[in-house]
Amino acid sequence: MNALFWLLDRLISLYTWAVILAAVFSMLAAFGVLDTRNRLVWTIGDFLYRVTEPALAPIRRFLPNFGGIDVSPIILILLLQALRILLGELQASLWHMGVY
């Protein structure tokens, strides 16, 4: 059971880093620092978009327009951190109940 909670925690942590990387990549591409015509750069950007967009799109639909500032990655990171805390509390309560 510990292994399952550890795996879930690691997956959430990796997804958090993917969201951060996607946000930084998006900003660098928007300011022209990264050349998205380069095949490697485009592939990395496409991968990050495909991985993070399913979670970011519903948040973007919910949030109002902030004039070109995208705060959806921040909201998603906060939700992911809350999920990690919730999983930790669940693991601790299961341990105290003697389930495992």
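Here, each number is a calculation from the coordinates, and none is a lab measurement. These numbers were taken from a predicted model, which means no experiment stands behind them. We place every Cβ from the backbone using ideal geometry, glycine too, and count neighbours over all the protein chains shown.
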Candidates Leu21, Leu90, Leu48; GNM for the chain (alpha-carbon contacts under 10 Å) flags as most fluctuating Leu90
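Could you work out [θ]222 nm for the chain from helices alone, using -39500 (n - 2.57) per DSSP H run of at least four and dividing by all its residues? Round to the nearest 500 deg cm²/dmol.
For the chain, the value works out to -28000 deg cm²/dmol.
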Which residue fluctuates the most in the chain, going by a Gaussian network model with Cα springs under 10 Å, if the choices are Ile20, Ile69, Ile59? Ile69
Nearest 20 debye, what's the magnitude of the dipole of the chain about its Cα centre given +1 on Lys and Arg Cβ and -1 on Asp and Glu Cβ? 160 debye
On the Cα set of the chain, report Rg and Dmax in Å, please. 17.2, 56
